[in-house]
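Undergrad: Provided herewith is a single structure, encoded as C-alpha cells, for subsequent inquiry.
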Amino acid sequence: MGWSIALHGGAGDIPLTLPPERRLPREAALRHCLEIGVAALKAHRPPLDVVELVVRELENSPHFNAGRGSVLTTNGTVEMEACIMDGNTQKCGAVSGLSTVVNAISLARLVMEKTPHIYLAFDGAEAFAREQGVETVDASHFITPENIERLKQAKKANRVQIDYTQPIKGQTPQDTSGTTGDSQIGTVGCVAVDGDGNLAAATSTGGLVNKMVGRIGDTPIIGAGTYANPFCAVSATGKGESIIRATIARDVAALMEYKGLSLKEAAAYVIESVPKGNAGLIAVSATGEVTMPFNTTGMFRACATEDGYSEIGIWN
Amino acid sequence: MGGWAIAIHGGAGVDPNLPEERQEEAKRVLARCLQIGIDALRASVRAVDVVEIVVRELETDPVFNSGRGSALTRKGTVEMEASIMDGRGRRCGAVSGLTTVKNPVSLARLVMEKSPHSYLAFDGAEDFAREQGVEVVDNSYFITEENVGMLKLAKEANSIMFDYRVPLPVIDGCSGSAGSIVATVDDVLQMNGLPISIYAPETVGCVVVDTNGWCAAATSTGGLMNKMNGRIGDSPLIGSGTYACNLCAISCTGEGEAIIRSTLARDVAAVMEYKGLGLQEAVDFVINERLDEGKAGLIAVSRNGEVGYGFNTNGMFRGCATEDGFMEVGIWE
C-alpha cells in the first residue's frame with residue numbers, strides 16, 4: 001500500500017515519427033504535472049485535491065486538448081467539458097459547453113460541492129461560473145494556431161477529426177487498420193490514491209476537432225470517461241462515442257467488484273473489448289496499484305507510486 | 001421463456017395522498033401506452049422502434065413529467081432531455097436542454113442515426129432539430145398550469161426547508177387550491193429535498209425485448225422541478241438512466257443524482273453479466289445495495305423475454321406485459 005498517481009494527455013494515433021519539437025514539450029509537461037501531483041500526495045493532500053490540481057495544470061498547458069489548447073468545434077469555437085469524482089462518497093461533478101472558464105475541472109468540483117446537482121452545461125454552467133466567481137477569460141484565450149489549422153484540415157477532409165497531433169505539414173502518420181485515418185486523441189486526466197485507500201478521478205477535454213456545436217463526449221459522463229468508487233479510480237480517453245457505449249470507467253470497477261479481477265486484469269479486459277484504436281485509460285486501485293493500458297498507437301501518460309517507481313511514456 | 005416483453009414507467013416517488021381520480025387517469029395513460037407497445041411487438045416491430053414509439057406517446061400526454069407536462073426550471077421554462085439505446089450493437093443517442101422539440105426521444109434517435117456523435121445538447125441540439133426537420137413548437141406548449149403552481153410551491157418549500165417545523169402546502173388535486181397542514185420536516189416523505197406532495201415524479205421510460213431477442217431502452221424527462229438552468233440529470237446519461245446490451249435493457253427514474261452516482265442502469269446489466277444474476281435478482285440487488293440514501297426505481301427486460309422492476313420509493317407509475325398474455329399496470333407496491 002501507499003499512494004499512487006497516474007495522469008494522461010490523451011490516447012490516439014500518435015505517429016511514431018512525431019518530431020522532437022512536438023514530442024519534447026509534451027513529455028516535459030507530463031513530467032511537470034507528475035511532479036506536482038507527487039508533491040501534493042507526499043504533503044498528504046486528499047486525492048480529490050490532487051487530481052483537481054494536476055488536471056488544472058494539464059488544462060493550462062497549450063499542448064493538450066483541454067482548457068488552453070482545446071480543439072475547435074465546427075464553428076471555430078471552444079466548448080470544454082470536465083468531470084471529477086470522489087471514490088469514498090461517490091460524489092461527483094460535471095460540466096459541459098464551457099467557453100470562458102479557465103479551469104473547467106474546478107467548476108466541475110464546484111458543481112459537486114456547491115449545488116444540489118451533479119452536472120451543469122452551457123449557458124447554465126457559464127452563469128454558475130460567474131455566480132461562483134471562478135476565473136473566466138475571453139474565449140479567444142483557449143484557441144491556439146495549431147487548432148485553427150487542425151480545424152481547417154478537418155473541414156477540408158470533411159471529417160470529424162479526433163486526432164490533434166496529426167502533423168500539420170502533411171506528414172503521413174502510421175496507419176492503423178480499422179480506422180478511417182482519423183486518429184483519436186483528446187482529453188487529459190488524473191487518478192490518485194493515498195496511503196489510506198482514498199481514491200479520486202478527474203478528466204477534462206475540448207472534445208473532437210470539428211465536432212458539432214453542442215456535442216458532448218464521454219468525459220463528463222459518469223461511468224464512461226470518469227469514475228471512482230472504493231475499488232478504483234479511472235479516467236479514459238479516446239473515441240468518446242465508443243467509450244460511452246462501453247461504459248469503460250465503470251466497467252473496470254465492476255469487473256473488480258463483481259468478478260474479482262485485479263486492477264490490471266480488469267483494465268486490460270475493458271480495453272481489449274473496445275475496437276482497436278479507440279481507447280486508453282489510466283487507473284489506480286485502493287491498494288496502490290496503477291495501470292495505463294491503451295489500444296491506440298500511443299497515449300501520453302505518466303505515473304508514479306510511493307515505492308519510488310515512476311514512468312513517462314507515449315508509445316508501448 | 002423467450003418471446004417479447006415490454007415495461008414502461010411514468011416516474012418513481014408518488015404522493016401517497018394522490019387523489020383517486022389522478023391515480024385512475026395515470027393508470028389509463030399507462031395502459032394505453034403499454035397497449036401501443038404490445039400492438040407493435042405483435043406486428044414484429046423492432047425493439048428500438050417500439051421504445052421510441054411508446055416514449056413518444058408518454059411525452060405527448062401531459063400527465064407525466066416529460067415533453068408536455070415537464071417539470072419547470074427555476075426560471076419557469078422547460079428544458080427536456082432524453083436518451084435511447086439499442087442493445088443490438090449498443091448504439092446510443094442522447095439530447096439535453098431542448099426547449100422547442102416536441103418529442104425529445106425522437107431527436108435522441110436521430111442523434112444516434114444521423115449524426116457522427118452520441119449526445120447533443122442545448123443550442124447545438126436545437127440547431128440539429130431544425131436541420132432534421134423534426135416538429136418544433138413554442139416552449140409554452142410544454143408548460144402546464146399545474147406545473148406553474150407546483151413551481152411556486154417548490155420555491156417556497158426550498159426556502160423554508162431549513163425550519164424544523166414548517167407549514168406544508170398541500171394541493172387539492174381537483175380544484176388546484178392549496179390547503180395547509182402543519183408537520184415537522186422529519187415526518188415528510190421527500191424526494192430530492194422536496195415534500196412528496198410537490199415533487200413531480202421524474203421521467204418516463206420504456207424497455208423492450210422484441211421477437212428476435214433484441215433489447216432496447218429509452219428514457220425522457222423534463223427533469224427536476226425548480227432545477228438550475230443547464231442542469232442535466234440521469235435520463236440522458238448512458239449507463240445511469242438508460243442502458244441496453246445484448247442481455248437486457250433498463251430505464252431508471254427517481255433522484256437523478258443518486259442514479260448517476262450509482263450508474264444504476266449499467267449496474268443491473270453488469271451484475272447479470274459479471275455475477276450471473278437473473279434479471280429480477282439483478283434489479284433487486286441494485287435497488288437494495290447500490291442506492292444508499294438515494295430514492296429511485298427502474299424497469300428492465302431480459303433477452304429471454306422476462307420483465308422486472310424495482311423501486312425503493314413510495315410507488316412508481318408502471319406497466320408491463322409479456323408475450324404469454326401477462327399484463328399489469330400499477331402504482332404502489
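Undergrad: What's the number of the condition residue A:106 fails, among (1) more than 10 Å from every other protein chain (Cβ to nearest Cβ); (2) within 20 Å of residue B:80 (Cα to Cα)?
TA: Among (1) more than 10 Å from every other protein chain (Cβ to nearest Cβ); (2) within 20 Å of residue B:80 (Cα to Cα), residue A:106 violates only (2).
Undergrad: Separate question: Going by the conditions given, is residue B:322 surrounded by fewer than 24 Cβ atoms within 10 Å (Cβ to Cβ) and under 25 Å from residue B:29 (Cα atoms)?
TA: On the way: surrounded by fewer than 24 Cβ atoms within 10 Å (Cβ to Cβ): yes; under 25 Å from residue B:29 (Cα atoms): yes.
It is true that residue B:322 is surrounded by fewer than 24 Cβ atoms within 10 Å (Cβ to Cβ) and under 25 Å from residue B:29 (Cα atoms).
Undergrad: Continuing with the same structure: Taking the stretch B:88-107, which residues are small (Gly, Ala, Ser) and either under 12 Å from residue B:238 (Cα atoms) or at the interface with chain A (Cβ under 10 Å from one of its Cβ atoms) (or both)?
TA: Just the residues of the stretch B:88-107 that are small (Gly, Ala, Ser), to begin with: B:89, B:93-94, B:96-97, B:106.
Across the stretch B:88-107, the qualifying residues are B:89, B:93, B:94, B:96, B:97.
Undergrad: Give the residue, chosen from B:239, B:223, that is surrounded by 24 or more Cβ atoms within 10 Å (Cβ to Cβ) and either under 19 Å from residue A:81 (Cα atoms) or at the interface with another protein chain (Cβ under 9 Å from one of its Cβ atoms) (or both). Give the steps one after another, and end with the answer.
TA: On the way: B:223 fails: either under 19 Å from residue A:81 (Cα atoms) or at the interface with another protein chain (Cβ under 9 Å from one of its Cβ atoms) (or both).
Residue meeting the stated conditions: B:239.
Undergrad: Continuing with the same structure: For the stretch A:12-32, does any single residue satisfy the condition of being modelled with pLDDT of 95 or more, part of a loop (DSSP other than H, G, I, E, B) and farther than 21 Å from residue A:216 by Cα?
TA: no
Undergrad: Then there's this: If a residue must be over 20 Å from residue A:207 (Cβ atoms) and under 20 Å from the mean Cα position of the chain (by Cα), how many such residues does the stretch B:111-138 contain? Explain how you work it out, then say what you get.
TA: Going through the stretch B:111-138, the residues over 20 Å from residue A:207 (Cβ atoms) turn out to be B:113, B:129-130, B:132-138.
Cutting the leftovers down to under 20 Å from the mean Cα position of the chain (by Cα) gives us none.
Looking only at that region, the number is 0.
Undergrad: Taking the condition of being part of a loop (DSSP other than H, G, I, E, B), closer than 19 Å to residue B:299 by Cα and open to solvent by 50 Å² or more (accessible area, probe 1.4 Å), how many residues in the stretch B:4-45 meet it? Quick ask: steps written out before the conclusion?
TA: Keep residues of the stretch B:4-45 that are part of a loop (DSSP other than H, G, I, E, B), which gives B:4, B:13-19, B:43-45.
The next check asks that each one be closer than 19 Å to residue B:299 by Cα; those that pass are B:4, B:13-14.
In the following step, the residues that additionally are open to solvent by 50 Å² or more (accessible area, probe 1.4 Å) were identified as none.
Going through the stretch B:4-45 one residue at a time, the tally reaches 0.
Undergrad: Which pairs have Cβ atoms under 6 Å, sit 6 or more apart or on different chains, and link a residue in the stretch B:121-150 that is away from every other protein chain (no Cβ under 14 Å) to one that is surrounded by fewer than 16 Cβ atoms within 10 Å (Cβ to Cβ)?
TA: Going by the 6 Å Cβ cut-off, the qualifying pairs are B:139/B:77.
Undergrad: Separate question: Return yes when residue B:95 is touching a helix residue (DSSP H, G or I) at 6+ places or on another chain (Cβ under 6 Å) and either open to solvent by less than 50 Å² (accessible area, probe 1.4 Å) or in a helix (DSSP H, G or I) (or both) and no when it is not.
TA: Numbers: touching a helix residue (DSSP H, G or I) at 6+ places or on another chain (Cβ under 6 Å): yes; either open to solvent by less than 50 Å² (accessible area, probe 1.4 Å) or in a helix (DSSP H, G or I) (or both): yes.
Yes, satisfied.
Undergrad: Which ones in the stretch B:72-92 are under 21 Å from residue B:230 (Cβ atoms) and either touching a Cys at 6+ places or on another chain (Cβ under 7 Å) or in a strand (DSSP E or B) (or both)?
TA: Passing the criteria: B:73, B:80, B:81, B:82, B:83.
Undergrad: Something else now. Taking residue A:150 and the conditions (1) among the basic types (Lys, Arg); (2) buried (at least 17 other Cβ atoms within 10 Å of the Cβ); (3) at pLDDT 95 or above, which numbered condition does it fall short on, given that it satisfies the others?
TA: Only one criterion is unmet by residue A:150, namely (3).
Undergrad: Just a yes or no: is a residue in the stretch A:112-119 touching a helix residue (DSSP H, G or I) at 6+ places or on another chain (Cβ under 8 Å), farther than 21 Å from residue A:282 by Cα and of a type in the set (A, V, I, L, M)?
TA: Going through the stretch A:112-119, the residues touching a helix residue (DSSP H, G or I) at 6+ places or on another chain (Cβ under 8 Å) turn out to be A:114-119.
Restricting the remaining residues to those that are farther than 21 Å from residue A:282 by Cα gives A:114-119.
If we keep only those that are of a type in the set (A, V, I, L, M) as well, we get A:118.
Looking for residues that are touching a helix residue (DSSP H, G or I) at 6+ places or on another chain (Cβ under 8 Å), farther than 21 Å from residue A:282 by Cα and of a type in the set (A, V, I, L, M), one finds at least one in the stretch A:112-119, hence yes.
Undergrad: Still on this structure: Quick check on my filter: what residues within the stretch B:251-305 are touching a residue at least 24 places away in the same chain (Cβ under 8 Å), at the interface with chain A (Cβ under 10 Å from one of its Cβ atoms), part of a helix (DSSP H, G or I) and open to solvent by 30 Å² or more (accessible area, probe 1.4 Å)?
TA: B:261, B:273
Undergrad: Quick check on my filter: what residues within the stretch A:246-267 are out of contact with any helix residue (DSSP H, G or I) (no Cβ under 6 Å at 6 or more places or on another chain) and surrounded by fewer than 22 Cβ atoms within 10 Å (Cβ to Cβ)?
TA: In the first step, residues of the stretch A:246-267 are kept if they are out of contact with any helix residue (DSSP H, G or I) (no Cβ under 6 Å at 6 or more places or on another chain); the result is A:246, A:249, A:253, A:257, A:260, A:262-265.
Within the stretch A:246-267, A:257, A:260, A:262, A:264, A:265 qualify.
Undergrad: Moving to a separate point now. Please tell me if residue A:95 is touching a residue at least 60 places away in the same chain (Cβ under 8 Å), more than 12 Å from chain B (Cβ to nearest Cβ) and not acidic (Asp, Glu).
TA: On the way: touching a residue at least 60 places away in the same chain (Cβ under 8 Å): yes; more than 12 Å from chain B (Cβ to nearest Cβ): no; not acidic (Asp, Glu): yes.
Criteria not met by residue A:95.
Undergrad: Please go through (1) outside any loop (DSSP other than H, G, I, E, B); (2) more than 20 Å from residue A:259 (Cβ to Cβ); (3) touching a Cys at 6+ places or on another chain (Cβ under 9 Å) for residue B:317 and return the number of the only condition it doesn't satisfy.
TA: All conditions pass for residue B:317, except number (3).
Undergrad: Are there helices (runs of 4 or more DSSP H) fully within the stretch A:212-316 with at least 3 residues that are modelled with pLDDT of 95 or more and within 11 Å of another protein chain (Cβ to nearest Cβ)? List them.
TA: Passing ranges, in order: A:240-245, A:248-259.
Undergrad: So is residue B:310 small (Gly, Ala, Ser), within 10 Å of another protein chain (Cβ to nearest Cβ) and within 17 Å of the chain's Cα centre (by Cα) or not? It would help to see each step written out before you state the result.
TA: Details: small (Gly, Ala, Ser): yes; within 10 Å of another protein chain (Cβ to nearest Cβ): no; within 17 Å of the chain's Cα centre (by Cα): yes.
Against the criterion (small (Gly, Ala, Ser), within 10 Å of another protein chain (Cβ to nearest Cβ) and within 17 Å of the chain's Cα centre (by Cα)), residue B:310 does not qualify.
Undergrad: Criterion first (within 20 Å of residue A:200 (Cβ to Cβ), more than 16 Å from the chain's Cα centre (by Cα) and of a type in the set (A, V, I, L, M)) does residue A:270 satisfy it?
TA: yes
The values are calculated or read from the model by the stated rules, or taken from the named source; none is laboratory data. Because the structure is a prediction, the values reported are computed rather than measured. Note that we place each Cβ from the backbone using ideal geometry, even for glycine, and neighbour counts take in every protein chain shown. Side chains included, ligands, DNA and RNA excluded: accessible areas come from the protein's heavy atoms. Shrake-Rupley method; radii C 1.70, N 1.55, O 1.52, S 1.80 Å.
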